[in-house]
Amino acid sequence: MAARPDRRAVIAGLAALAAMPSFAAGNSARVVVVGGGYGGATAARFIKRLAPEVKVTLVEPNRTFTSCPLSNLVIVAARDLAAQRFGYQALAREGIDIVHDRATDVDAAARTVALAGGSTLRYDRLILSPGIDIDWSALEGYGSAAAEAMPHAWKAGEQTLLLRRQLEAMEDGGLVVISVPRAPFRCPPGPYERASLIAHYLRNRKPRAKLLVLDAKDDFSKQPLFQAEWAARYGGVLEWRGASDGGRVSRVDAGAMTLETDFERIRADVANVIPPQKAGEIAARAGVADSTGWCPVNAVAFESSLQPGIHVIGDATIAAPMPKSAFTANMQAKVCAVQVARLLRGMSPEPTVLVNTCYSYLDPDEAISISGVYSNEGGVLADVPGAGGVSPAAPNPRSRTSEAAEAFDWFRAITRETFG
């Protein structure tokens, strides 16, 4: 693989970009951040560190954040869900106001955020990191009730445990079906990591069971690596069908536990339906989502292309070629924090470089990865030629286990950096 992006060098570059004069005494600038995940919590923390004089408020309805990265390990009983959960106490100790409420509306002209509890927050700059919502209207037969029989497990928490319980309860010899939507969606390699781990679980615990992956696409992230590893590890257990092979699911029936493609109806014993997605609801209410359901931004400061003064980061953005990942959300949050601090001090945003690495487990002890480096010159994200890369197709005997260790180290580092 090509040299892994030097994340520390990028952070050092951001620190240099952030070197700027302090606010004048008595400055009362206010930044409101909506969404307390890897994007929002990081943005709030970094703005407060860069500009201690600014009043920073983080709005997040949940008192505990449950991480999606590594949650596929929870599904196959290789990790406990408690290890995925983090609180906001460390951010509060740094002087960030934590408001556990739901943002219901944004008035971009008045620069206010309305909360479900009835209060209103004023801002000079607003950062939205709303993550994704399920597009319940996009797949016939799949709604919130159907998700109780056919869990998506694409928001970590109870759905993760529901899918785990279904796998544990399934008789040996049963059929597990994963339905993968068209792009874009959160974590492009995620369905294929999940398929790998479920295939490993079945091979070891229910050896007569099968896994069928029905995909609405013909191409996916790290495809050659995944398919080579599947053939070597899970032949006879895992079958993948792309769109041109009848893999696109057009309708589901949760009562009958069936999934329909263009050519057949398949009955599953366990059905993991990963549905189409869109930006979190507050994005549409704020007027920063376009007709695609996602949010266009100027990628220098991640300011909305539709509403000035509002910045959008993380999964909700239209930010290709950067994927929708926790690493991306964390990276965009740092860049956005620097640029917002500059804007509040009357300085112009400056282009920089961003990086991303996505790890995917093949089994609980081995992983592969893909990395990218991106410029945001002119407000448009673009791959930096010759940077980044993927895991080697023919690794040395220890490289897959080394990458699994790297994945865990990355998770430990990013959660410490985000939540303390």
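What the table shows:
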{"quantity": "Where Ala232 falls short, out of the listed (1) out of contact with any helix residue (DSSP H, G or I) (no Cβ under 6 Å at 6 or more places or on another chain); (2) among the aliphatic types (A, V, I, L, M); (3) surrounded by 20 or more Cβ atoms within 10 Å (Cβ to Cβ)", "calculated": "(3)"}
{"quantity": "Residue in segment 180-188 that is in a helix (DSSP H, G or I) and modelled with pLDDT of 95 or more present", "calculated": "no"}
{"quantity": "Arg164 vs. criteria out of contact with any Phe, Trp or Tyr (no Cβ under 6 Å at 6 or more places or on another chain), closer than 30 Å to Thr57 by Cβ, of a type in the set (D, E, K, R) and touching a residue at least 60 places away in the same chain (Cβ under 8 Å)", "calculated": "no"}
{"quantity": "Hey, Asn356 assigned to a helix (DSSP H, G or I) and either closer than 30 Å to Val106 by Cα or touching a residue at least 24 places away in the same chain (Cβ under 8 Å) (or both) or not", "calculated": "no"}
{"quantity": "Candidate set from segment 186-208 (those that are in contact (Cβ under 8 Å) with a residue 40 or more places away in the chain and under 18 Å from Gly235 (Cβ atoms)); member that is nearest to the chain's Cα centre (by Cα)", "calculated": "Tyr192"}
{"quantity": "Subset of segment 287-316 (residues that are among the hydroxyl-bearing types (Ser, Thr, Tyr) and either part of a loop (DSSP other than H, G, I, E, B) or within 23 Å of Glu53 (Cα to Cα) (or both))", "calculated": "Ser291, Thr292, Ser305"}
{"quantity": "Selection within segment 298-323 - within 17 Å of the chain's Cα centre (by Cα) and of a type outside the set (Ser, Thr, Tyr)", "calculated": "Phe302, Val312, Ile313, Gly314, Asp315, Ala316, Ile318, Ala319, Ala320, Pro321, Met322, Pro323"}
{"quantity": "Subset of segment 289-306 [crowded, with 19+ Cβ neighbours inside 10 Å and of a type outside the set (Ser, Thr, Tyr)]", "calculated": "Ala289, Gly293, Trp294, Cys295, Val297, Ala299, Val300, Ala301, Phe302, Glu303"}
{"quantity": "Boolean, Arg345 is free of Cβ contacts under 8 Å to residues at least 60 places away in the same chain and not polar (S, T, N, Q)", "calculated": "no"}
{"quantity": "Selection status of Ala156, within 20 Å of Ile313 (Cβ to Cβ) and either of a type outside the set (Lys, Arg) or touching a residue at least 24 places away in the same chain (Cβ under 8 Å) (or both)", "calculated": "yes"}
{"quantity": "Boolean, Ala44 is of a type in the set (Gly, Ala, Ser), assigned to a helix (DSSP H, G or I) and crowded, with 22+ Cβ neighbours inside 10 Å", "calculated": "yes"}
{"quantity": "All positions within segment 58-86 that are surrounded by 21 or more Cβ atoms within 10 Å (Cβ to Cβ), in a loop (DSSP other than H, G, I, E, B) and of a type in the set (S, T, N, Q)", "calculated": "Ser67"}
{"quantity": "Segment 317-331, residues that are touching a Leu at 6+ places or on another chain (Cβ under 7 Å) and either of a type outside the set (A, V, I, L, M) or part of a helix (DSSP H, G or I) (or both)", "calculated": "Pro321, Met331"}
{"quantity": "Odd one out for Ile96, checked against (1) buried (at least 18 other Cβ atoms within 10 Å of the Cβ); (2) in contact (Cβ under 8 Å) with a residue 60 or more places away in the chain", "calculated": "(2)"}
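The values are calculated or read from the model by the stated rules, or taken from the named source; none is laboratory data. From a predicted model like this one, the values you see are computed outputs, not experimental measurements. Quick reminder, even Gly has a Cβ in these numbers, built from the backbone with ideal geometry, and neighbours come from all protein chains shown.
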